[in-house]
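The values are calculated or read from the model by the stated rules, or taken from the named source; none is laboratory data. All figures in this text were calculated on a predicted structure; none of them were measured in a lab. Heads up, the Cβs are rebuilt from the backbone with ideal geometry, glycines too, and the neighbour counts pull from every protein chain shown. With ligands, DNA and RNA removed, areas are computed over all heavy atoms of the protein, side chains included. Shrake-Rupley method; radii C 1.70, N 1.55, O 1.52, S 1.80 Å.
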Amino acid sequence: GIDPTHPDFAGRIMALADFTGEGASDNHGHGTHVAGITAGAGNKYKGIAPDAHIYAAKVLHGDGSGYMSEVMAGLEWAVQQNVKVINLSLGGEGPCDGTDALSTTCDAVVDQGVMVCVAAGNSGPGASTVGSPGCARKVLTVGACSNTDAIASFSARGPTGDGRVKPDVLLPGVDITSCRA
């Protein structure tokens, strides 16, 4: 979800959808924080794309849990909205070979011309800890690094269950300032 009243997103939330039954507002805080990193337009802190239009699909419940089917429904909704980039800052635990339903759905979305960026997850530091959908074959899987450019201790690592290298890239993921719901 997202805080639709947050001033950093004013006039740029194009559509909201809820697949949890809780309403589209962010009652956890994570969705608003991630949206701010991506598209916040604050006076002091800006996201990487502060002019981007935002389409927010709430696919996780307020306690951070969710169902694969809700995430898949959110992906399908985003494609119907003609978005160009989808961010999934979520993931399941355990080794994955990319053949689960969520990973194959993500790959099908990429095949439709949509960029899908997925979190590697927070199950590190052990090997083979990238879960679904971070293990999908066609998504850009993003791991976390610290402000010293070292891989963050919590960041999940590959290889995938079928031996592929994941994550694809590391980006800052420690002590990040962003919007608050």
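Structure summary
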quantity: Span-rule helices in the chain, defined as complete DSSP H runs reaching 30 Å or more along the axis (Cα) with Kyte mean at least 1.6; calculated: none
quantity: Solvent-accessible area per residue, Å², over the stretch 1-151 with all protein chains present [probe radius 1.4 Å]; calculated: 49
quantity: Expected 222 nm ellipticity per residue - DSSP helices of 4 or more, -39500 (n - 2.57), all of the chain, to 500; calculated: -5500 deg cm²/dmol
quantity: At R0 = 30 Å, FRET efficiency that the Cβ-Cβ distance of His53 and Val165 yields, to 0.05; calculated: 0.40
quantity: 5 Å-binned pair-distance histogram of the stretch 100-148 (Cα, whole percent); calculated: 5, 23, 27, 21, 13, 7, 4, 0
quantity: Among (i) 16.4; (ii) 16.9; (iii) 17.5, the entry that matches Kirkwood radius over Cα pairs in Å as calculated here; calculated: (i)
quantity: Spatial separation of Cα centroids for the stretch 53-100 and the stretch 1-32, in angstrom; calculated: 14
quantity: Relative contact order, percent, the stretch 73-181 [alpha-carbon distance under 8 Å, six or more residues apart]; calculated: 26
quantity: Net dipole in debye of the chain [+1 Lys, Arg Cβ; -1 Asp, Glu Cβ; about Cα centre; nearest 20]; calculated: 440
quantity: Residue (of Gly143, Phe19, Ser132) at the positive-pole extreme of the chain, dipole from beta-carbon charges; calculated: Gly143
quantity: In range of the label at Arg180: residues from the stretch 42-80 whose backbone nitrogen is under 19 Å from the point 7 Å along Cα→Cβ; calculated: 42-47
quantity: Convex hull (Cα only) mean projected area of the stretch 127-168, reported in nm² to one decimal; calculated: 2.8
quantity: Cysteines without a disulfide-compatible partner [the chain; Cβ-Cβ under 4.7 Å]; calculated: Cys106, Cys117, Cys145, Cys179
quantity: Local net charge near Ala39, Cβ-Cβ under 10 Å (Lys/Arg +1, Asp/Glu -1); calculated: 0
quantity: Nearest-0.05 FRET efficiency for Leu16 and Ser146, computed from C-beta distance (R0 22 Å); calculated: 0.10
quantity: Whole-percent carbon and sulfur share, accessible surface of the chain, 1.4 Å; calculated: 54
quantity: DSSP bridge orientation in the stretch 29-181 - percent antiparallel, rounded to nearest 5; calculated: 15
